[in-house]
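*Asks:* Here it is, the structure in full.
The values are calculated or read from the model by the stated rules, or taken from the named source; none is laboratory data. Note that the structure is a prediction, hence the values are computed from the model and not measured. Note: ideal-geometry Cβ built from the backbone for every residue, glycine included; neighbour counts use all protein chains shown.
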Amino acid sequence: MITIEKLPSGFLRVTKDGESYEKVNVVRLFPYQYERNYIAFLDKDNQEITILKDLDELREKERTLVLEYLSYKYYMPEITKVNQVKEKMGFLYVDIETTAGQKEVCIADFVSNIRMIKNTILSITDVEGNKYRVSDFNTLDQLSKQKLDVFL
């Protein structure tokens, strides 16, 4: 059993078997498939402390802390529409509508940074490391799909 608390600095402290770890990093082992399952807790040296198969193993207060942390860490606006795609000097400039508003994103090395996962989930990473997603590529309008299809 582990206990989790939020430090005044905003970092999490995990105590397992009487040993405390501060500045714990929480990661989803399968971020696109399981948002609440297979959660790893790593110490400040990225060594594994423990893995939870399901967040429901935690008490409600601790589960809330972990979900808040993961929500911040894995923030990925959902792309709802692609307005325009321009290629310039090896970069893609994509004007998109997202759940967080309209945005123009710049994508370098689109082969690595535009990825289809499990044939329906589209992941896009811009030059600043921001991530965007389409949970189901088939739900995009036909014009948006055509604009992205060229780069898949």
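*Asks:* Among strands (runs of 3 or more DSSP E) lying entirely in the stretch 45-104, which contain 2 or more residues that are within 27 Å of T125 (Cα to Cα), in contact with a Ser or Thr (Cβ under 8 Å, 6 or more places away or on another chain) and of a type in the set (S, T, N, Q)?
*Replies:* Result: empty, no element qualifies.
*Asks:* With respect to the numbered conditions (1) out of contact with any helix residue (DSSP H, G or I) (no Cβ under 9 Å at 6 or more places or on another chain); (2) of a type in the set (A, V, I, L, M, F, W, C); (3) surrounded by 12 or more Cβ atoms within 10 Å (Cβ to Cβ), which one is the sole condition not fulfilled by L122?
*Replies:* (1)
*Asks:* List the number of the failed condition for K86; all other conditions in (1) in contact with a strand residue (DSSP E or B) (Cβ under 6 Å, 6 or more places away or on another chain); (2) surrounded by 12 or more Cβ atoms within 10 Å (Cβ to Cβ); (3) not assigned by TED's automatic domain parsing to the domain that holds D17 hold.
*Replies:* (2)
*Asks:* Also: Please find, among S123, S144, S135, the residue that is touching a residue at least 40 places away in the same chain (Cβ under 8 Å), farther than 30 Å from R13 by Cβ, over 17 Å from the mean Cα position of the chain (by Cα) and outside the structural domain of K23 (by TED's automatic domain parsing).
*Replies:* None of the others qualify; the one that does is S144.
*Asks:* Would a scan of the stretch 106-115 turn up a residue that is surrounded by 14 or more Cβ atoms within 10 Å (Cβ to Cβ), within 24 Å of L70 (Cα to Cα) and in contact (Cβ under 8 Å) with a residue 12 or more places away in the chain?
*Replies:* yes
*Asks:* From the set of residues in the stretch 127-144 that are small (G, A, S) and surrounded by fewer than 18 Cβ atoms within 10 Å (Cβ to Cβ), which is farthest from K88 (Cα to Cα)?
*Replies:* The qualifying residue farthest from K88 (Cα to Cα) is S135.
*Asks:* Assess whether G101 counts as being over 14 Å from K147 (Cα atoms) and modelled with pLDDT under 95.
*Replies:* Numbers: over 14 Å from K147 (Cα atoms): yes; modelled with pLDDT under 95: no.
When the stated conditions are applied, G101 does not pass them.
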